[in-house]
């Protein structure tokens, strides 16, 4: 009984947070895809392997999908507060939004999950249509301050600002697992 209540509470909490994020976001009329020049992407990649990140560390983890096309880690040089969408663009991470929130939420990251990819979950399988109806799996947006712990982002990609020393992770979550990025 306790496990059922805990699972139900976790599901409600995740759904509530998702609705809160949706309420805080202003849908854009058109999607503006982040553009990244080859030199900016190369600079971000080079920074990732040059020791501690003095910019914004970007991590994309497809988790249980095991889709290496999405997975990446980069350090993006920034001078001050920078929109998450711009940071991802500089890291050469391609975001496709949802129908209702084309610039706030990530439906696909670097093409993952593909429209014809079966996503296994506790109730069977689903496919991501980017129509805001998939409630069992999604790209969760996480932020970590320079000297802190991971926290679920309270804003969308088009309004969240990141500063040097912070980290940003897009973590694919199925049935609320994994619950948070690895330390």
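Throughout, read-outs are computed from the coordinates displayed, never taken from laboratory work. In this text, all values refer to a predicted model and were calculated from it rather than measured experimentally. Please note: Cβ atoms are built from the backbone with ideal geometry, for glycine as well, and neighbour counts cover all protein chains shown.
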* Asked: If the chain between residue 151 and residue 116 were fully stretched, how many nm would it gain, using 0.36 nm times the residue separation less the Cα-Cα distance?
  -> 9.5 nm
* Asked: Using Cα pairs under 8 angstrom and six or more residues apart, how large is the relative contact order of the range 122-183, in percent?
  -> 38 percent
* With r defined as the distance between the Cβ atoms of residue 79 and residue 179 and R0 fixed at 35 Å, what FRET efficiency is calculated, to the nearest 0.05? -> 0.55
* Structure fact -> The extension gain from residue 159 to residue 68, computed as 0.36 nm times the residue separation minus the Cα-Cα distance, is 30.0 nm
